[in-house]
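Beneath this line is the structure, given in structure tokens, with notes to follow.
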């Protein structure tokens, strides 16, 4: 089947490394770390009290409109990243004559962000810890704030983006934990391929750096406990890795049909050429030690993009810095690439950005595309102790200059969803190096 | 679109206030019985709006045989997994798979597409005792966390639990999505599953949607927003004055025509297309004119080169909210020719199951196309003025052998409108 080609023409990022795509990329190349003690709330009593936060943040523009009363910090990141992506692409749904052909897919985070809201609920309805619904109703007028509901609706973020940018076409919001961002981009690509839209704004946003979010991962023991050395705590593929570092932020890409992008003379960063979308169906949190599930997603993405394993020049790994993910991912790469796996640069930028959860796949897609543009391979920081089971080329020594034709980006989520995306240099042709 | 892969419905399942399976629900609906009643899960005796659509027999151990699993999930997941199990059982794909030489290839081409409610307020209440105890001292909250809250809390509330456990339970490993978009999530999951089969990403997909719309704190907000009725859910009726929230789950097994034929599957109906779009307005907005909905309906019919004259019936969103009902009536009126298409809706029976609601309608429409009987809006008395030109049916309608196409309408927050078309199978 002849697939409609999909171009990437705009990038926007808000991350712990920078408040736009350019500064994020520069921070990445400079080897910066986004980690530090949590500033958003007093986390000093928590077992883990550091994270990769977006700090000193001022929103990109003063925004108007009634919908802004429903903005939360992490949906602010989404609005700003999406604005940057559209400005970068030089198109805007509101000014397009064929507006319904402009769609939107967001990879959204979980609803754990509004701790103040839960606190007020607890005071009104559960002063002793048990909920009394009649007590809530008695104080109903004082407790009720429309904004609380508008900020915590499951599609609150999607709705903000719809209104901010005047979307009247396809709109969808997906959540598969840490695979959300990758799946959002994959879905947006499919929507263009099937001809339902010509332009898509797609990406992810998240912050679980709040008392409930940090609690949830502390309870599971999933976070790195290197409280004293936050900057070196995220150590994907390293022998001393002991968990991931929670990050926050957003990234959006503008996707458009190749022909439309060419016709308007748009700058094309790269082609989003394929996706692999599978379920591991193994365990809820653990990935299969052999990489089962992930390897089918990688192979599926390559096949969907019409490339061979030998065409791939760089893998932006999921690389969370947890014991099991990094082993499983290494084995999945070996299963697909065979001997070539050892010659292929594989790096995890989570060593610098932290884990952006629902936005991880989106920011790593942005980074993959920027890597193609700059012909630079990002590094995996904090590699000090070899892990004999993780023995690939993780680009530990620092960033590397390399012309990149095909880049693979992996995202694997709690629940077993695997999302792999293949990006091609705009001038990549099979059989030409 | 005739050159594309056809997508068949080969299994259905559901749980709701109307019944714990599709047969029970069907019988109740044809008999005109509603499952809406006073809420029993919570003491809201002092509230003015106390009606809801709760499951009549919530017995998790009976609904899911795996007891260990029950400890790892929350109520909404029990509903979703239960509906998925019913649909999978109904489709008989497992005996077929297990007889294959290569079940792995089958599993890798079997997807799971889910409409998920996301997170609910009730899931956060495990933290309330800790908050009460530590009295907003965040340092104390942090240091006592590990001894006060269940270590698996996050896993119990994952918004993709139904997706994950449907995969884990049956070993399905194909393409998947977890759509979280308020009340249109289920229907959008159905559309994406349809496209995944058409594009060859999957040969068959289990589509599930679930929601606990009766979440009490959410109900508080719906009531304050003026969206709820204190007395009834009467779609398109002169007495319509709001909706009634409900819990429930629905599931379908979709297969490519080739996959269904290969195993001689019984088919309920064919999914023929549809679109999901936003009106571009506010989170809680509905366009009074129904113009944007009209566009989606027209786009859906046009894509298949059919007109309203080809429609055997329309399953309306019909949530009983006057603004929603009337704008929907405007849109239906506008796509109709001289013949008025029979219009029904199902929420009067089990309440508004939010994320589930669209997929619930799809399950019931598939059943109607198969059995050639369409349940009506049993509590319809006098149509509202703006809805009186609709051919609203109150009593079950016998569908003639010429009846082919059905149009389904689903709407939600985010000013989302979804239209889906289904078609009767020739052998039905």
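Below is a table of values for the structure above.
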| read-out | value |
| --- | --- |
| Top-ranked residue in the stretch A:160-180 [being more than 7 Å from chain B (Cβ to nearest Cβ) and within 18 Å of residue A:197 (Cα to Cα); ranked as surrounded by the fewest Cβ atoms within 10 Å (Cβ to Cβ)] | A:165 |
| Pick from the stretch B:181-201, criterion over 30 Å from residue B:227 (Cβ atoms) and at the interface with another protein chain (Cβ under 9 Å from one of its Cβ atoms), ranking: surrounded by the fewest Cβ atoms within 10 Å (Cβ to Cβ) | B:200 |
| Residue satisfying condition, being buried (at least 19 other Cβ atoms within 10 Å of the Cβ) and either part of a helix (DSSP H, G or I) or over 24 Å from the mean Cα position of the chain (by Cα) (or both), within set B:113, B:141 | B:141 |
| Some residue of the stretch A:184-192 being surrounded by 24 or more Cβ atoms within 10 Å (Cβ to Cβ), within 24 Å of residue A:72 (Cα to Cα) and either under 11 Å from the mean Cα position of the chain (by Cα) or in the same structural domain as residue A:408 (by TED's automatic domain parsing) (or both) | yes |
| Residue within the stretch A:68-84 that is within 13 Å of chain B (Cβ to nearest Cβ), in contact with a helix residue (DSSP H, G or I) (Cβ under 9 Å, 6 or more places away or on another chain), at pLDDT 95 or above and surrounded by fewer than 21 Cβ atoms within 10 Å (Cβ to Cβ) present | no |
| Residue A:329 being more than 14 Å from chain B (Cβ to nearest Cβ), outside any strand (DSSP E or B), under 14 Å from residue A:409 (Cβ atoms) and at pLDDT 95 or above | yes |
| Flag if residue B:174 is on the phi > 0 side of the Ramachandran plot and in a loop (DSSP other than H, G, I, E, B) | no |
| Top-ranked residue in the stretch A:393-433 [being touching a strand residue (DSSP E or B) at 6+ places or on another chain (Cβ under 9 Å), under 19 Å from residue A:296 (Cβ atoms) and part of a loop (DSSP other than H, G, I, E, B); ranked as farthest from the other protein chains (Cβ to nearest Cβ)] | A:413 |
| Subset tally (residues that are under 18 Å from the mean Cα position of the chain (by Cα) and touching a residue at least 60 places away in the same chain (Cβ under 8 Å)) for the stretch B:116-128 | 4 |
| Residue that is surrounded by the most Cβ atoms within 10 Å (Cβ to Cβ) [pool: residues in the stretch A:111-120 that are at pLDDT 95 or above and facing chain B (nearest Cβ under 7 Å)] | A:118 |
| Those helices (runs of 4 or more DSSP H) lying entirely in the stretch B:1-76 with at least 2 residues away from chain A (no Cβ under 14 Å) and surrounded by 15 or more Cβ atoms within 10 Å (Cβ to Cβ) | B:22-30, B:60-63 |
| Single residue of B:289, B:281, B:285 found to be assigned to a loop (DSSP other than H, G, I, E, B) and within 19 Å of residue B:336 (Cβ to Cβ) | B:289 |
| Failed item in (1) over 15 Å from residue A:5 (Cβ atoms); (2) more than 10 Å from every other protein chain (Cβ to nearest Cβ); (3) in contact (Cβ under 8 Å) with a residue 24 or more places away in the chain, with residue A:184 passing the rest | (2) |
| Qualifying helices (runs of 4 or more DSSP H) (wholly inside the stretch B:322-374; at least 1 residues being over 28 Å from residue B:39 (Cβ atoms)) | B:322-335, B:357-371 |
| Failed item in (1) more than 14 Å from chain B (Cβ to nearest Cβ); (2) closer than 13 Å to residue A:418 by Cα; (3) touching a helix residue (DSSP H, G or I) at 6+ places or on another chain (Cβ under 8 Å), with residue A:273 passing the rest | (2) |
| The listed residue being at pLDDT below 95, within 20 Å of residue A:213 (Cβ to Cβ), buried (at least 21 other Cβ atoms within 10 Å of the Cβ) and within 8 Å of chain A (Cβ to nearest Cβ), out of B:178, B:119 | B:119 |
| Some residue of the stretch A:197-218 being free of Cβ contacts under 8 Å to residues at least 24 places away in the same chain and farther than 30 Å from residue A:83 by Cα | no |
| Test: residue in the stretch B:224-238 that is within 15 Å of residue B:53 (Cβ to Cβ), more than 22 Å from the chain's Cα centre (by Cα) and away from chain A (no Cβ under 14 Å) | yes |
| Neighbours by Cβ (under 6 Å, 6+ apart or cross-chain): first from the stretch A:89-110, touching a residue at least 24 places away in the same chain (Cβ under 8 Å) and facing chain B (nearest Cβ under 10 Å); second part of a strand (DSSP E or B) and surrounded by fewer than 17 Cβ atoms within 10 Å (Cβ to Cβ) | none |
| Single residue of A:45, A:31, A:65 found to be under 23 Å from residue A:216 (Cβ atoms), surrounded by fewer than 18 Cβ atoms within 10 Å (Cβ to Cβ) and touching a helix residue (DSSP H, G or I) at 6+ places or on another chain (Cβ under 8 Å) | A:45 |
| Of all residues in the stretch A:122-135 being facing chain B (nearest Cβ under 7 Å) and surrounded by 15 or more Cβ atoms within 10 Å (Cβ to Cβ), the one that is farthest from residue B:131 (Cα to Cα) | A:133 |
| Index of the failed condition, residue A:228 passing every other in (1) touching a residue at least 12 places away in the same chain (Cβ under 8 Å); (2) more than 10 Å from every other protein chain (Cβ to nearest Cβ) | (1) |
| Which listed residue, of B:194, B:210, is part of a strand (DSSP E or B) and touching a strand residue (DSSP E or B) at 6+ places or on another chain (Cβ under 7 Å) | B:210 |
| Residue, surrounded by the most Cβ atoms within 10 Å (Cβ to Cβ), within the stretch B:144-172, restricted to residues that are free of Cβ contacts under 8 Å to residues at least 12 places away in the same chain and at the interface with another protein chain (Cβ under 7 Å from one of its Cβ atoms) | B:164 |
| In the stretch A:136-159, the residues that are within 22 Å of residue B:211 (Cβ to Cβ), within 37 Å of the chain's Cα centre (by Cα) and within 8 Å of chain B (Cβ to nearest Cβ) | A:146, A:148, A:149, A:150, A:152, A:153, A:154, A:155, A:156, A:158, A:159 |
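The values are calculated or read from the model by the stated rules, or taken from the named source; none is laboratory data. This is a predicted model, so every value here is computed, not measured. Every residue, glycine among them, receives a Cβ derived from its backbone with ideal geometry; neighbour counts consider all protein chains shown.
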